[in-house]
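Working notes for the structure below.
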Protein chains: 2
Amino acid sequence: MNIPKVNNLKRIVIIGAGFAGLQVAKKLRRDKFQVILIDKNNYHTFQPLLYQVATAGLEPDSIAHSIRNIIRKTKNFFFRLAIVHYINTKKQTIHTNVGSLSYDYLIIATGSVTNYFGNKNIESFALPMKSIPEALNLRSLILQDFESALLTTDEKKKIKLMTFVIVGGGPTGVELAGALAEMKKYVLPHDYPDLDIRYMNIHLLQATSRLLDGMSEQSAKQAYKNLKELGVIIWLNSLVKDYNGEIVFMEKNQKIESFNVIWAAGVKGAIIKGFLKEDMEGNRILVNNYLKAIKYKNIFSIGDVAYVNDSKNYPNGYPMTAQPAIQQGNHLARNLNCFIDNIEMMKPFIYKNIGSMATIGRNKAVCDFPYLKLKGFLAWITWMFVHLVNLIGFRNRVIALTNWIIQYFHYNKSVRLIIRPFHRRKKRIT
Amino acid sequence: MNIPKVNNLKRIVIIGAGFAGLQVAKKLRRDKFQVILIDKNNYHTFQPLLYQVATAGLEPDSIAHSIRNIIRKTKNFFFRLAIVHYINTKKQTIHTNVGSLSYDYLIIATGSVTNYFGNKNIESFALPMKSIPEALNLRSLILQDFESALLTTDEKKKIKLMTFVIVGGGPTGVELAGALAEMKKYVLPHDYPDLDIRYMNIHLLQATSRLLDGMSEQSAKQAYKNLKELGVIIWLNSLVKDYNGEIVFMEKNQKIESFNVIWAAGVKGAIIKGFLKEDMEGNRILVNNYLKAIKYKNIFSIGDVAYVNDSKNYPNGYPMTAQPAIQQGNHLARNLNCFIDNIEMMKPFIYKNIGSMATIGRNKAVCDFPYLKLKGFLAWITWMFVHLVNLIGFRNRVIALTNWIIQYFHYNKSVRLIIRPFHRRKKRIT
């Protein structure tokens, strides 16, 4: 990869520039290490706001930030745009689409990918929303569907085009359902006056008995109430079994006809080839409390892809969200900076849950903090504030805030652009 | 297309939602006409700022505006997203990819497309910049080339990756060359500290003896001087003969090796099938002073695609820019609104040239007004002001202005995102 080694400096290679990888890359001392960050994109994605890209609220530039712009002008730092194919843990090399590279220490922060739980039909026909291109595809598709619905006189087809099924009642599903419901309420009737908006239905399907499993019962109920008020049709205890591109099949033989199924039902660790089964816990890399992969002396893993054994408090591992990732990135950088030559002095990682939140719509959100629960307008303002300060870069914050203010007063979502039309897979598996 | 005809109302179909089509659509009286606007995109593109999308200065949402958002809540107005295949002028029908439609009056405002002057090699390998997806491709490609240049140890390949050849010294070519030169000066050295920026060269090739043919000699000289200062290599009297994907061949046997040739050398009318040779003047539809196609009683044409015979002042037709398009749209709407039943009362169109301008970079622009010529900072401020007020929509203006202010103080171009990688055509025609 055309990066010369420097004497006296240990080389740390970080794979993935999500919340975890970026954090550790920013914090590692450049006088001790040569730091190489690798990602398949040249930008960091602020995933919590992807749903706003999908629903025409924000352009990608508000939630994506060029990695080279985040880490600039620092010595001994290199970024490479590359897709990692596999790791050779014996030779200590990584192999990518643009060449290979040796490492002294390796940090795996590859994050997570959409989990279809092995269902190939769903993987083929449902729409994921884990990346910016996927969110843009969804934006195009929603708008294309309305254009198509205008043209058809076939009532059944019109209904399928205008029915949106969101699978997964976590924060992503709840926020997306809320945003779509607001489009139905405020935006689409003006855009399509010659289309009967009553044909549009938004279904939210959740496998368990409540929404927002990771949040308090109180917040879950509030979200349920708010979504109901916005007209979202909520299905609890409704596990999705299959989807053939036209019909969603649920466990209890219920069906919904729709061309648009958005899959927000789960994620799994994004594993790279080169690890053994015993290095893993499910789809995640098993690490000890020092975030070191159990069987290796120089491989660490942080963020969604890492499974830290904290069975007392988190039997399923830490939540696959931004917070543990950022905390782990910080922690690992501190440990490596201070104790790299004195590994037994390293401090164990302890996760501090500082709260969680979800927004439903205008003036509607829920926040769970350790000693405080918020709902309604106050929660909504808090949600906005927290997301704004966590966006990377002054410009992204200004642009996102400007968009939000204008949308708030205009009751509008402005980015209703089909820049690249998205075409559904045509061949249906039956 | 599922649009019912209304008694008493004449149906006017407008093809194309560029400056001309949008203007006439906005101004036509809905109590007299049923107005149907057709475009292949669901947005209007503000083409004068495409080069800023290509050079990572603005996201598409600043220069694109949803057509349904521009014309909202008006009676007797319909927008359809469709690609027109052909027109049957005898039956008075248009035929599209989503069905056909009859018209009483037809307004053709299809604009222009890139003109490669019949050279298939250039069409295959050079990059156009006439649409938002094309500008985004260019943005991706510039950034991908720098990532690739980092990886290669082959000096010749590195030079080809980092050499940019812009063909055409009109406003588009000049503005693009200036923006690229500023990226070289302010942005790329910080992004790629491990790459020798001296390998990057920007060539601007012009077939005639001066830049900015449509502007004053004085402004052309100023633009030449400013571009030189920014390090752009300018080739006057240098007609491009061919390009094979790696080497640009000029008429006098000069060559430049580059993977990146941007074609801004010309446009031609975007003609729809269904017209006869005698209806045309070159690649444009021949219209009389009332903007009516010569041989037809109910077909009008405006904007880039229309050729108005004003041989005294404009022997080659009016310039294919926004101004004549907007003026013609306005004029035609007024004629149709007032004199549709009294066609001999219609007023002839007279083009008023209110000036032209081009920007080169920070604090550098040239403006030609009828009684005033500006350069430098004052011209640059004027250029910004004129472009801002002409952007459609309050939000687009605010977002573009915010971006410009931040870029001005940060010496930065923030949208350096490769959202959809662009892959060059690999097979070269030799």
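Per-structure values
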| read-out | value |
| --- | --- |
| Axis-nearest residue in chain B [Cβ, rotation onto A], distance in whole Å | B:E59, 2 |
| Helix B:394-410 axis, angle to chain B major axis (alpha carbon atoms, nearest 10°) | 10 |
| A:F339-A:N283 FRET efficiency (beta carbon distance; Förster radius 30 Å; 0.05 resolution) | 0.50 |
| Relative contact order (%) - region A:120-265, alpha-carbon pairs under 8 angstrom, separation at least six | 34 |
| Computed helical MRE - 222 nm, chain B, DSSP H runs ≥ 4 contributing -39500 (n - 2.57), nearest 500 | -9000 deg cm²/dmol |
| Compactness index (Cα Rg / 2.2 N^0.38 Å), region A:1-48 | 1.24 |
| Calculated FRET value between A:L9 and A:K273, using beta carbons and R₀ = 41 Å, to 0.05 | 0.90 |
| Copy-to-copy label separations for A:F385, where each label sits 7 Å from Cα toward Cβ, in nm and ascending | 4.0 |
| B:K120 versus A:K26: modelled label distance in nm, points set 7 Å from Cα along the beta carbon direction | 5.3 |
| Sorted by Cβ density within 10 Å, fewest first, the residues A:V366, A:V84, A:V98, A:V167 | A:V98, A:V84, A:V167, A:V366 |
| Descending semi-axes in Å of region B:333-376, equivalent ellipsoid built from Cα gyration tensor | 39, 11, 5 |
| Order of B:V389, B:V261 - criterion: other Cβ atoms within 10 Å of each residue's Cβ, fewest first | B:V389, B:V261 |
| Violating pairs (Cα-Cα greater than 20 angstrom) within the set A:K10/A:K91; B:K157/B:K252; B:K158/B:K228; A:K225/A:K364; B:K277/B:K297; B:K297/B:K347 | B:K157/B:K252; B:K158/B:K228 |
| 10 Å Cβ neighbours from other chains, averaged over peptide A:402-414 | 3 |
| Gyration tensor over alpha-carbon atoms, region A:120-265, equivalent ellipsoid semi-axes in Å | 24, 18, 14 |
| Selection from A:A135, A:G169, A:P193 lying farthest towards where the dipole of region A:120-265 points positive, charges on Cβ | A:G169 |
| Average beta carbon contacts from partner chains per residue of B:60-73, 10 Å cutoff | 5 |
| Length-normalised contact order of region B:153-215 in % [C-alpha pairs under 8 Å, at least 6 apart] | 52 |
| Those aspartates and glutamates that a straight Cα-Cα span of less than 18 Å connects to A:K184, excepting residues fewer than 8 apart in one chain | A:D145, A:E147, A:E175, A:D194, A:D196, A:E229 |
| Other copies of B:D242: label-to-label distances in nm, shortest first, labels 7 Å along the beta-carbon direction | 5.9 |
| Cα long-axis angle, helix A:322-339 against chain A (0 to 90 degrees, to the nearest 10) | 10 |
| Tilt relative to chain A, helix A:376-390 - C-alpha long axis, 0 to 90 degrees, to 10 | 40 |
| Cβ crowding within 10 Å averaged over residues, with B:324-330, B:231-237 ranked highest first | B:324-330, B:231-237 |
| Label spacing, shortest first and in nm, from B:K26 to its equivalents in the remaining copies (7 angstrom along Cα→Cβ) | 4.2 |
| Averaged over B:141-150, number of beta-carbon atoms from partner chains that fall within 10 Å | 3 |
| The protein assembly as shown: radius of gyration and largest Cα-Cα distance (Dmax), Å | 28.9, 96 |
| Relative contact order %, chain B, counting alpha carbon pairs below 8 Å whose residues are six or more apart | 20 |
| Ranking of B:Y296, B:Y86 by count of other Cβ atoms within 10 Å, fewest first | B:Y86, B:Y296 |
| For chain B, radius of gyration divided by Kirkwood radius, i.e. Rg to Rh on alpha-carbons | 0.98 |
| Estimated FRET transfer efficiency when R0 is 41 angstrom, pair A:K347-A:S209 (beta carbons, to 0.05) | 0.55 |
| Residues of region B:148-181 with amide N under 11 Å of the 7 Å Cα→Cβ point at B:K225 | none |
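Bear in mind that the values in this text are calculations on the coordinates, not laboratory data. Since the model is a prediction, treat every value here as computed from it, not as a measurement. Heads up, the Cβs are rebuilt from the backbone with ideal geometry, glycines too, and the neighbour counts pull from every protein chain shown.
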